[in-house]
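A short write-up of the structure that comes next.
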Amino acid sequence: MDAQADTPCRTSTRRTFLKGSAMTVVGTGAISAGSGLGAAQSDDFDGWFENVENYDGVVDATGQDTVTVEVGTDANGGAFGFTPAAVRVSPGTTITWEWTGKGGVHNVKAHDDSFESEMANEAGHTFEQTFDADGVSKYLCVPHESLGMKGAVVVRESDDAA
């Protein structure tokens, strides 16, 4: 008998869970097509994701030139999420936020005020930001921050051990 089928909780690891979660995100088209997608180990976000219902780890998109994050995805009691909520990219990667047209008017604003999109609600609207320096950029939707519409971009090369 397959031990893994009998005891999934005892044999599953956080890494296995996150890899499965990342593949779910990829399957829904939340990230632009590319190779080597998987989940990265979680970074310390100092409680940033405490009220974000769709955060389940950091999706590893290192090595891609562009990555798409959907704005207005199903989360936090409505269409009040970014998908993926957190993504790791290599320096020089451009993130394109693309609106789904759901959840009303949204924007993308850096927590440190380093970038901000206009307010929009139409499907297909986009906003781009290139991330050159290593570090973590936390961002939010101003009208829906209190609902948990927050995200993060982690910029650094892939860890071989991740």
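Selection of first residues in the stretch 54-80 that are over 15 Å from Gly124 (Cα atoms) and touching a residue at least 40 places away in the same chain (Cβ under 8 Å) and of second residues that are in a strand (DSSP E or B) and of a type in the set (Ser, Thr, Tyr), restricted to Cβ pairs under 9 Å at least 6 apart or on distinct chains, gives the following pairs, ordered by first then second residue: Thr62/Thr93; Gly63/Thr93; Ala75/Thr83; Phe80/Thr73.
Which one of Ser42, Ser35 is surrounded by fewer than 18 Cβ atoms within 10 Å (Cβ to Cβ), modelled with pLDDT under 50 and closer than 22 Å to Met149 by Cβ? Give the steps one after another, and end with the answer.
Working: Ser35 fails: closer than 22 Å to Met149 by Cβ.
Matching residue, one of Ser42, Ser35: Ser42.
Selection of the stretch 78-94 for residues being more than 23 Å from Leu147 (Cα to Cα), assigned to a strand (DSSP E or B) and not basic (Lys, Arg) yields Val89, Thr93, Thr94. Residues of the stretch 134-144 include at least one that is hydroxyl-bearing (Ser, Thr, Tyr), within 18 Å of Phe45 (Cα to Cα) and surrounded by fewer than 20 Cβ atoms within 10 Å (Cβ to Cβ). In the stretch 76-117, the residue that is surrounded by the fewest Cβ atoms within 10 Å (Cβ to Cβ) out of those that are touching a Phe, Trp or Tyr at 6+ places or on another chain (Cβ under 8 Å) and aliphatic (A, V, I, L, M) is Ala110.
The values are calculated or read from the model by the stated rules, or taken from the named source; none is laboratory data. Fair warning: this is a prediction, and the values are worked out from it, not measured in the lab. Here Cβ is always computed from backbone atoms with ideal geometry, including for glycine, and neighbour counts include all displayed protein chains.
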